[in-house]
Amino acid sequence: MSRYDLSGYDGALVFGRAIRDVYLSNGWVKNAWVWHEAADTRVFRPGQDYLLASDSGQMRRQMERVLTDADTARSLVGHGLEHLRARHTCAHRVEELLAIRAESEGRALARGGRNP
């Protein structure tokens, strides 16, 4: 990213807090917002919305369980879809973008400027 001139932008939407911190600490942008898109882990619950595995053997067993146990598969699908519909729609993304825009405009006004 250091090869790109981002100085004409108010900031950047980045995937994850670690990437945000890299952008800011390297001075690539003055503002960076975390944009998780569909990877918003705040609404997903382990065991209900996805399965966990501590090693490859356990992962293999979990995958076999999903493939062979219809109740487990249905439950994971149902819970996952419930949370996706509650938090990951286009309407939610628009709300997030509008909030970022409002924050950016507030910063610009505080500096005495304005955003286009």
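Each value in this text was obtained by applying a stated rule to the coordinates, not by laboratory testing. Quick caveat, the model's predicted, so the values are computed rather than measured. Neighbour counts run over all protein chains shown; Cβ positions are idealised from the backbone, glycine included.
Listing for the model above:
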| item | result |
| --- | --- |
| Pairs of Cα atoms farther than 20 Å apart, the chain, % | 60 |
| Around W28: net Lys/Arg minus Asp/Glu count, Cβ-Cβ under 15 Å | 0 |
| Debye-sum result for the stretch 1-67 in log10 I(q)/I(0), which assumes one identical scatterer on each alpha carbon, at q = 0.15, 0.16, 0.19, 0.26 Å⁻¹ | -0.65, -0.68, -0.76, -1.08 |
| 18 Å tail of the calculated P(r), the stretch 50-116, as % of Cα pairs | 63 |
| 222 nm mean residue ellipticity, helices alone, for the chain (DSSP H n ≥ 4; -39,500 (n - 2.57); rounded to 500) | -17500 deg cm²/dmol |
